[in-house]
Amino acid sequence: MIVLIFLLSFAVAYANGSNDVSKGIATLAGSGVTNYRRAIRWGTLWTATGGIAAAFLARAMIQTFGKGLLAPGTRADFAAAFATVAGAALFVGFSTIRRLPVSTTHAIVGSVAGVGAVAYGVSGINWPGLWDKIALPLLLSPFVALALTAILLQIWGMIDPAMEKDCLCAEVMPPMVHTACYDGAVALASAVTDALPEIHITACKADTQPSPRITVAHLHWLSSGATSFARGMNDTPKMVAILMSAALLSKDVPVTSPVWFGAIVFGIVLGSWVAGRPVTETLAADVTRMNHREGFAANLVTAVLVASGAALGWPMSTTQVASGAIIGIASTGKQTINWRSVRAILIAWAVTLPGAAILGIASYGLLRTAGIQ
């Protein structure tokens, strides 16, 4: 039992890392801010940090997935719990091989519903709780991400129609006159009093003396890190909760929460590092073209939504939120969208629930045939 559970924990975390690391870094590579290798390293680092933070900040998510999925009075068994995670891991792993971004959360939900209906009967699943706490946030979040990204870019376009502002800098000019510079802005200044320095907003020229500055590219790196952190904090407790449930049903396995968080984070990191590129390429290059301003906006929306959901116990699919935000870039009309790739992603989303359910049921049948209950 110990060997089986640890192998399963590694498999599901590895599959999650290989498919989901792309969600926080695709815009970095797609907008040309950096290359795939550096982007994957950056995303892996912050995903691991978010996974560790989840042990302290995302307990509500453990409650959502660890309890409440089954109807009151339903007695769980080890084979069903194990098969649930196996079905999700197999589906996400297969999708990663096919370079398709899919939701680990969706796969877990589909596997829970399929295996639970077979193992405990249709009445054994807490369908209202599954809908209110899990399905509804999953369905709404990509549309919210799309809308927020489009709105953010529209507001940005109104402030800077040419989308040329790219540098916020601060300079000290003799005689100790402080000037705030924002690239592409028209000079705007007024002296409040003779005792106060004049404040100027001017363009940051290429030949300006070296000064502290923050560019949109810098902010893009930060938003990518925040998205990866939020993804780790969002996904880790879901897998920990399901695996702890399976472990608790086996009398031979001593279980403590830090052990499972460590196992899951290790699997996510390895999967992200080794096999994270294929799905990243799909989201970075196949959906729509983007510049680093648009990529920053999409990452900012994704990070805010996913982190909020993790803290509140509302499971969101980082895949769907990030994909919705990236599609939101094209909805502004400034970029074209590759509908063939979008169609493939939507089909993958549609088959995630039944596909994971079928694989979970098959795993459950094999376990029962082998005498594991």
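Subtract the Cα-Cα distance of VAL259 and LEU312 from 0.36 nm times their separation in residues, and report this length gain in nm to one decimal.
16.7 nm
At q = 0.11, 0.15 Å⁻¹, what is the base-10 log of I(q)/I(0) for region 274-373 according to the Debye formula with one equal point scatterer per Cα and no solvent? Please give it to two decimals.
The Cα Debye sum returns log10 ratios of -0.47, -0.76.
Residue separation times 0.36 nm, minus the C-alpha to C-alpha distance between GLU281 and ALA53: what's the value?
Length difference between fully extended and current span is 79.3 nm.
Considering only protein heavy atoms and a probe of 1.4 Å, how much of the accessible area of region 277-373 is carbon and sulfur, as a whole percent?
On region 277-373, the fraction of accessible area on carbon and sulfur atoms equals 64 percent.
Give the Kirkwood hydrodynamic radius (Å, one decimal) of region 1-42, defined as one over the mean of 1/r across all pairs of different Cα atoms.
11.7
Can you give the extra length, in nm with one decimal, that the chain gains between ILE337 and HIS218 once fully stretched, where that is 0.36 nm per residue apart less the Cα-Cα distance?
Gain on extension, ILE337 to HIS218, equals 40.2 nm.
The values are calculated or read from the model by the stated rules, or taken from the named source; none is laboratory data. On a predicted model such as this, the values are computed, not experimentally measured, just so you know. Accessible surface areas use protein heavy atoms only, side chains included; no ligands, DNA or RNA. Shrake-Rupley method; radii C 1.70, N 1.55, O 1.52, S 1.80 Å.
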